[in-house]
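Each remark here refers to the structure printed beneath this line.
The values are calculated or read from the model by the stated rules, or taken from the named source; none is laboratory data. Note that the coordinates shown come from a computational prediction; the quantities given were computed from them, not determined experimentally. When we count neighbours, we look across all protein chains shown, and the Cβ atoms used for this are built from the backbone with ideal geometry, even at glycine.
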Amino acid sequence: MLIENVSLLCSGQLIKGRDIQIRDTRIARIGKDLRKERGEEVIDGQSKLAIPGLLNCHTHLAMTLLRGYADDMELIPWLHDKIWPLEAKLTKEDVYWGAKLGCLEQIRMGITCYNDMYYFTDETARATKEMGLRAFLSGVVFDMRPDLLVETEPFIKRWTGDELITPAVGPHAVYTCSEETLLKAKEIADKYDTLIHIHVSETREEVDGLNLSKGMSPVEYLDRLGMLNERLVAVHCVWLSLEDAYLLAERKANVVDCTVSNLKLSSGIAPLNYLLEAGVNVCLGTDGPSSNNNLNLFEEMKVTAIVQKNAYHTPAAFSAEQIWSIATEGAYKTFGLDMGLQEGALADLALIDLERPWLCPQSNMISHLVYSMTGGVDTTIVNGKVLMRNGIIPGEKEILEKAQERFERLTA
Ligand SMILES: [Zn+2]
């Protein structure tokens with residue numbers, strides 16, 4: 001495949017008139033006037049900006065079905081009174097169509113890979129494969145449903161080696177999993193060398209609760225259980241001490257910041273300044289679409305930047321360049337993905353229509369991507385395959401209809 005005459009960002013500068021050649025699943029060459037092979041598929045890149053595909057580093061994708069269902073509540077009553085009772089009624093079919101709807105939205109937003117934790121993980125995997133996205137998937141594990149832990153290992157065995165799906169282990173949080181469950185989750189992750197995906201220190205109640213019961217913070221507790229390492233994906237980390245941040249850095253654990261979800265649930269603001277100062281690898285996620293309520297990483301970047309500026313009372317903090325780097329490089333590092341617009345990298349990328357008012361004048365494009373982007377992803381490519389072209393995704397109408405049906409059944 002050859003993307004002709006496209007614009008790129010090179011050290012933040014807009015460079016026009018380049019070609020990107022994709023061979024199989026990788027970017028083979030980037031240059032000027034590359035020779036077209038006979039019969040090669042050509043994409044016109046005129047007036048388009050190519051960016052590496054975005055990574056949504058934390059979500060519960062099938063919760064697209066619960067979008068707008070329970071707003072304006074705090075985390076614990078939101079989970080207990082609204083989300084968990086409805087999730088108890090979820091079927092495989094619901095998760096399959098909810099995940100398809102989430103894939104659809106992510107493709108439209110230029111997201112090429114996501115990290116998920118939910119129920120009926122095989123259904124999410126099947127939906128994701130059909131839509132062509134890349135994903136790290138963990139079945140959620142907590143004590144109230146012992147069957148979920150039992151399902152973890154067979155799921156990993158089924159999906160290990162798949163070219164798009166990477167299985168992981170997903171203990172929900174320290175307040176929903178006993179020490180025994182956490183240790184079992186760790187044992188499985190160690191055995192199969194997978195990531196551990198867990199919510200950590202999301203609310204003040206969680207941290208206070210663990211301090212009361214164990215006399216330590218969630219981060220210290222996970223460290224005591226031997227779970228803090230470069231395979232840990234610690235989501236939220238809102239209520240952290242400076243010691244927690246240094247411990248996460250020392251153990252090379254990764255943190256996913258989900259600013260919009262944390263703000264919407266009024267959980268707090270993650271201390272990104274001292275996480276970064278301590279040297280922790282940070283990346284961004286939207287969280288589930290019922291606490292965000294969308295899957296838009298451009299919005300996540302903007303809100304993160306402006307909230308952090310306000311938290312530290314200086315507009316100079318968290319520049320567009322820094323946020324862009326967290327959203328891209330931080331994510332590649334967390335998931336060990338060979339990404340970016342360079343030769344040899346995975347052919348996971350998006351083309352953005354430059355002829356949109358919010359991208360004009362074409363000056364500081366990183367600033368536009370972080371602060372002004374409100375749409376216009378035109379083409380999304382994953383693993384060398386085109387998933388959306390000129391804004392068209394095959395099968396979109398059916399997915400919207402089925403998702404609507406599933407929502408109506410769930411809430412009937
Ligand atoms: Zn979450």
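Of note:
- Residue check, Ile399 modelled with pLDDT of 95 or more and within 28 Å of Pro167 (Cα to Cα): yes
- Test for Leu54: is it touching a residue at least 40 places away in the same chain (Cβ under 8 Å) and within 16 Å of the ligand (Cβ to nearest atom): no
- Segment 238-254, residues that are in a helix (DSSP H, G or I) and farther than 25 Å from Met301 by Cα: Glu243, Leu247, Glu250
- Of all residues in segment 218-237, those satisfying the criterion of being within 16 Å of the ligand (Cβ to nearest atom) and either in a strand (DSSP E or B) or surrounded by fewer than 23 Cβ atoms within 10 Å (Cβ to Cβ) (or both) are Leu232, Val233, Ala234, Val235, His236.
- Hits in segment 88-98 (condition: farther than 25 Å from Glu396 by Cα and within 22 Å of the chain's Cα centre (by Cα)): none
- In segment 8-40, the residues that are in a loop (DSSP other than H, G, I, E, B) and out of contact with any Leu (no Cβ under 7 Å at 6 or more places or on another chain): Ser11, Gly12, Asp24, Lys32, Asp33, Arg35, Glu37, Arg38, Gly39
- When residues of segment 368-392 are limited to those that are within 21 Å of Thr128 (Cα to Cα) and aliphatic (A, V, I, L, M), the one surrounded by the most Cβ atoms within 10 Å (Cβ to Cβ): Ile381
- Answer residue from segment 284-321, given it is acidic (Asp, Glu) and either touching a Leu at 6+ places or on another chain (Cβ under 9 Å) or within 16 Å of the ligand (Cβ to nearest atom) (or both) and is farthest from Phe335 (Cα to Cα) among those: Glu300
- Residue that is surrounded by the fewest Cβ atoms within 10 Å (Cβ to Cβ) [pool: residues in segment 144-188 that are among the small types (Gly, Ala, Ser) and farther than 22 Å from Thr59 by Cα]: Gly161
Here is a yes/no grid of residues against (1) of a type outside the set (Val, Ile, Thr); (2) outside the structural domain of Trp239 (by TED's automatic domain parsing); (3) touching a Phe, Trp or Tyr at 6+ places or on another chain (Cβ under 6 Å):
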| position | (1), (2), (3) |
| --- | --- |
| Ser138 | yes, no, no |
| Asp143 | yes, no, no |
| Leu149 | yes, no, no |
| Ile156 | no, no, yes |
| Leu164 | yes, no, no |
| His172 | yes, no, yes |
| Thr176 | no, no, yes |
| Glu180 | yes, no, no |
